[in-house]
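J.: Before anything else, here's the structure in question.
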Amino acid sequence: MSEEFQAPRGFHDILGDDLKRFRKVTTTVREILKKHNFEEIILPVVEFADLFERSIGEATDIVQKEMFIFEDRKGRRLALRPEGTAGAVRAYIQSRLYTKRTYHKLFYEGPMFRHERPQAGRYRQFHQIGVEVFGAPQPYADAELIKICWDIIGSLNVKADIEINSLGCKVCRPAYREALVGYLRGVEGKLCDVCLDRKERNPLRVLDCKVETCREAVKEAPKMVDYLCEECREHYSKVREYLEVLGVRYRENPNLVRGLDYYTRTVFEVVSPDLGSAVIAGGRYDHLVEEFGGPPTPALGFAVGVERLSLLVGTPGEDDPVYFIIPLGDVIPYAIEVADTLRKKGKVAELSYRGGSLRKQLDFANRMGYRYAVIIGEDEVREGVVSLKDMETGEQVKVRPEEI
Ligand code: ATP
Ligand code: MG
C-alpha cells in the first residue's frame, strides 16, 4: 500500500485479539469504579495548549517535546490532550461542580496524544482511563485509590508492583529541593546531558532518570521523605497505615517523582517488571484547582494506560458460543427468521455470507472457532426444524429453532 494511505507512525488500529484484551481491561476497570460510585465524564480531546503548559509544567517532557499543537483559524494555539487531569480540572471549575456537592469522584476514558518515539507499549495515540477525586483531603482517599489499582491488577491477574512515595507540599518541598540541587551539583560529572540541564530547573526529575550513570549518581541523594513537614509526614503515615488495613502490598520508592509538576504529597505507580515501565500512575495534586481559578480543592487521581495494561492480560477465553447458520438453497426467509429467533433467545447467531458447499461452510465454521453449525436445507424448512451440529463433538440433531 502506498505510504500516504497508511496510519501515521505511532497511530494504531485496535482489532481482533488486541481489542479483546483492550476491552477486558476497560470493562474490568469500569466495573471496579462503578462499585466505588465513580461518575463518568466525557471530556474534549482538544483544549487550549496553555492549559497543559501551565498545569503539567514548562520543564516537563510532555510540554517540552511531546505535545501535538496546532492553530485554529483565528491563530489560537490548541493541543490534542496528552493527559486527562488538566481537562478534568478545567471542566470541574467551568461547570462549577464545587457548588453542587463538597466532593466529586469522576472518571473518563479516551485517547491521549503524545509525540514520543514509538516502541512497544509507547504510542503517539494511546488510551487512558483516568480517575479524579476533587475535594478530598483525607489520607484514606489516597489509600482507596491505591486499593483500586490493587484491585485492577488483581482482577486482571497481572503481575505488577505498587510503588508509593510522598513529594511533600509547598511548605516542605523548597528546603528539600535546595538540598537536592546542592547534592546534584556535587555529582555533576556523572549526570547525563538531559539531567545536567534539568538539575536546576526540575531537579526532582533527575531522580527518575533511566540512564544508568544518573541512577548511580542519585543513590546517595537526599530523600524527600526525610524532609517532610509534620503534616505531610502524618498524611503519608496514615496512607501507609490504611494500605496495611486494606491488605495492599506496596513498596516505598523514595526516588519516585512522576513526570508532571502538579503533584503534592502522595504519588504512586503500578510498575510491571516484565515491561519495565508503569501501567498505572497517579497522585495527589492539592493546588491545581486553585491555580486555575477554582476554590481551594484538595484532589487526587490516577490514569490507567489501557494498551500497556492490555499487553499483560491474557486473551479472554471462550466468549459466548457462536451459532453459525448455513442456508442451503432457496431457504433465506426461513433462515433469517431462525437467526432472529436465536438472537431473541440471547444467543450469538451469525448468518453465513460465505456461500459454497456445505463442506466448505463447515470448514469455515471450524476455522473461525464457531461452536455450532445450524444447517438449513429445504427438508428442514418443510419439517420446521434445523440440523444443529456441535462442531466440537460432531454430533448432529434435528431440533425446532425455539428449542435450541
Ligand atoms: P512513561 O514514564 O512510561 O513515559 P509517563 O509518566 O509519561 O509514563 P503518565 O503521564 O503517568 O505516563 O501516564 C499514565 C500511564 O499512561 C502510564 O503509566 C502508561 O501506562 C500510559 N502511557 C503514558 N504514555 C504512553 C504512551 N506514549 N503510550 C502508551 N501508554 C502510555
Ligand atoms: Mg512519558
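J.: Suppose we keep only residues that are among the hydrophobic types (A, V, I, L, M, F, W, C) and away from ligand 1 (no atom under 16 Å from the Cβ) within the range 300-335. Which one would you say is nearest to residue 147 (Cα to Cα)?
T.: Within the range 300-335, the subset among the hydrophobic types (A, V, I, L, M, F, W, C) is 300, 302-304, 306, 309, 311-313, 322, 324-326, 328, 331-332, 335.
Next cut, away from ligand 1 (no atom under 16 Å from the Cβ) only: 322, 324-326, 328, 331-332, 335.
On the way: 322: 37, 324: 43, 325: 46, 326: 49, 328: 56, 331: 56, 332: 54, 335: 51 Å.
Top of the filtered list is 322.
J.: If the requirement is being exposed (fewer than 15 other Cβ atoms within 10 Å of the Cβ), out of contact with any helix residue (DSSP H, G or I) (no Cβ under 6 Å at 6 or more places or on another chain), free of Cβ contacts under 8 Å to residues at least 12 places away in the same chain and in a helix (DSSP H, G or I), which of these qualifies: 65, 34?
T.: Values: 65 fails: free of Cβ contacts under 8 Å to residues at least 12 places away in the same chain.
Every option except 34 fails the conditions.
J.: Select from the range 221-246 the residues that are touching a helix residue (DSSP H, G or I) at 6+ places or on another chain (Cβ under 8 Å) and part of a loop (DSSP other than H, G, I, E, B) and write down the one among them that is nearest to residue 185 (Cα to Cα).
T.: Among residues in the range 221-246 that are touching a helix residue (DSSP H, G or I) at 6+ places or on another chain (Cβ under 8 Å) and part of a loop (DSSP other than H, G, I, E, B), the one nearest to residue 185 (Cα to Cα) is 221.
J.: Which ranges mark the strands (runs of 3 or more DSSP E) fully within the range 267-350 that have 3 or more residues being modelled with pLDDT of 95 or more and within 18 Å of the chain's Cα centre (by Cα)?
T.: On the way: elements: 277-284, 299-305, 322-327.
It comes to 277-284, 299-305.
J.: Output the number of residues of the range 22-68 satisfying the condition of being hydrophobic (A, V, I, L, M, F, W, C) and within 15 Å of ligand 1 (Cβ to nearest atom).
T.: Step one: list which residues in the range 22-68 are hydrophobic (A, V, I, L, M, F, W, C), which gives 22, 25, 29, 32-33, 38, 41-43, 45-46, 48-49, 51-52, 56, 59, 62-63, 67-68.
Adding the requirement that they be within 15 Å of ligand 1 (Cβ to nearest atom) leaves 22, 25, 29, 52, 56, 59, 62-63, 67-68.
Total satisfying the criteria: 10.
J.: For the range 120-145: of the residues being in a helix (DSSP H, G or I) and out of contact with any helix residue (DSSP H, G or I) (no Cβ under 6 Å at 6 or more places or on another chain), which is nearest to residue 109 (Cα to Cα)? Show your work before the answer.
T.: So in the range 120-145, the residues in a helix (DSSP H, G or I) come out as 139-145.
Remaining after also requiring out of contact with any helix residue (DSSP H, G or I) (no Cβ under 6 Å at 6 or more places or on another chain): 141, 144-145.
On the way: 141: 21, 144: 20, 145: 17 Å.
Within the range 120-145, the match that is nearest to residue 109 (Cα to Cα) is 145.
J.: Residue pairs, Cβ under 6 Å, 6 or more apart or interchain, first in the range 300-315 and on the phi < 0 side of the Ramachandran plot, second at pLDDT below 95 and within 8 Å of ligand 1 (Cβ to nearest atom). List them.
T.: That search, which allows pairs on different chains as well, returns 308/121; 311/121.
J.: Taking residue 102 and the conditions (1) more than 16 Å from ligand 1 (Cβ to nearest atom); (2) crowded, with 21+ Cβ neighbours inside 10 Å; (3) β-branched (Val, Ile, Thr), which numbered condition does it fall short on, given that it satisfies the others?
T.: Just one mismatch for residue 102, condition (2).
J.: Can you tell which of 60, 85 is modelled with pLDDT under 95, in the same structural domain as residue 135 (by TED's automatic domain parsing) and crowded, with 16+ Cβ neighbours inside 10 Å? Can you show your working first?
T.: Details: 85 fails: modelled with pLDDT under 95.
The match here is 60.
The values are calculated or read from the model by the stated rules, or taken from the named source; none is laboratory data. All of these numbers come straight from a predicted model, not from anything done at the bench. Heads up, the Cβs are rebuilt from the backbone with ideal geometry, glycines too, and the neighbour counts pull from every protein chain shown.
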